[in-house]
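Contents: one structure, followed by commentary.
Values quoted throughout were computed directly from the atomic coordinates according to the rules given, and no laboratory measurement underlies them. Since this is a predicted model, take the numbers as computed values, not measurements. Backbone-built Cβ (ideal geometry, glycine too); neighbour counts: all protein chains shown.
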Amino acid sequence: MLHAHPRLLGVLVRIYALTKGIRVSFNAHHIVIKKSGVEILLGKSNLAYSRDVIANFEFYCNSTSDIRKDFSKPNYHNILGFSDFQIHTPGLPESMGTLEQYCDFLRLKPGDTVLDLGSYSGLSSIIFNQHVGPTGTVIAIEADPINTNSNDINFKKAKEVLGFSPLLVKKVIWHEETVLEFAAESNLGSAVKALLPRSKVPGVHVPTVTLSKLVFEFNLKSVDAIKADIEGAEYWAFSDKIFFSEFHPKIIFEPADEQSQYTKGSQIIALLESYGYKCTKIKQIGSPLPLIFCE
């Protein structure tokens, strides 16, 4: 795997960038991705994200109104389209374009209950909470410790500014209760380590929780919507037949790159169809991967 050979990957990234009219350089602390005088900074440990940033340079530039696009470490950012307060992100910012796609298809309304599987910085959960209001419930599930720190910061600010905030569960969503090694990238692609091809990513041991257990622990009477961006763990998270025998929420998810049989979008769609869902592929803003909407 190229991920195990960062020097070779760095050379290939530079070559790929040149085909897009972009220059990539490396200094002591940053990967510098530059086009037309604008720079995006990534951390040296996030080389795996550089190709995506190169391919979608304008998308990431336009995610924030920050003059300096420093996404190399946890920091506050002015997210374009979200003006209530600055959002603390572990690394790359989330785009409001994608979050608006989630909301358009999930059709959230006041009082709804939403499960945000893989909440990253927590911005998606905050947006969902704005739609469902103080009478609704949003539960964010995130396992990466640096990501959960951003959730804590942003949810506290949401409580101060908006008067309400999502709930946070610091666990891996899975099909059984156990402990898994989790690749803590402190970025958009953090995942269960066994599902991640980047073998050198540091791992932490994190407890898991099932959808059924979440319903029980929070005494949920209904679940109206699920957003899942959990880097290949969707099949296992959705293998909770007990949950789906009682609830039929609208679901939107992003399938991971097809690394194995069970991370393929087709396998996840087949599983959900066995529960009676109809699934539709949607072109995702700023990503070659589709979104899958199921209802």
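Provide Rg over Rh for region 96-294; use the alpha carbon set for both Rg and the Kirkwood Rh (inverse mean inverse pair distance). Intermediate values should be presented prior to the final figure.
Values: Rg = 15.6 Å, Rh = 16.7 Å.
That ratio is 0.93, to two decimals.
Using C-alpha pairs under 8 Å with a sequence gap of at least 6, the mean separation divided by the residue count of the chain gives a relative contact order of 13 percent. Taking other C-beta atoms within 10 Å as the exposure proxy, ASP240, ASP104, ASP229, ASP116 rank ASP104, ASP240, ASP229, ASP116 from fewest upward. Bridgeable aspartates and glutamates around LYS171 (alpha carbons under 16 Å apart, same-chain partners fewer than 8 residues away excluded): ASP116, GLU142, ASP144, ASP152, GLU181, GLU185, GLU217, ASP229, GLU231, GLU234. Put simply, the amide H of LEU92, placed in the peptide plane, has neighbours under 5 Å in LEU188, leaving out anything fewer than 5 places away on its chain. In this structure, the pairs whose alpha-carbon distance is over 30 Å, taken from LYS156/LYS227; LYS20/LYS170; LYS170/LYS241; LYS44/LYS170; LYS157/LYS281, are LYS20/LYS170; LYS157/LYS281.
Per residue of the chain, what 222 nm ellipticity follows from adding -39500 (n - 2.57) for every DSSP H run with n ≥ 4, rounded to the nearest 500?
On the way: 10 runs with 91 residues, N = 295.
Estimated from H runs of four or more residues: -8500 deg cm²/dmol.
Based on the mean of other beta carbon atoms within 10 Å per residue, what is the order of 149-155, 131-137, most packed first?
On the way: 149-155: 21.4, 131-137: 16.7.
By packing density, highest mean first, the sequence is 149-155, 131-137.
Once the C-beta distance of TYR275 and VAL38 is scaled by a Förster radius of 45 Å, the resulting FRET efficiency is 0.50 to the nearest 0.05.
Restrict the search to region 176-252; then list the trypsin sites (Lys or Arg not before Pro) that DSSP places in a loop and that have at most 15 other Cβ atoms within 10 Å of their Cβ. List each step's numbers first, then the result.
Numbers: sites: LYS193, ARG198, LYS200, LYS213, LYS221, LYS227, LYS241, LYS250; in loops: ARG198, LYS200, LYS221.
Hits after loop and neighbour filter: LYS200, LYS221.
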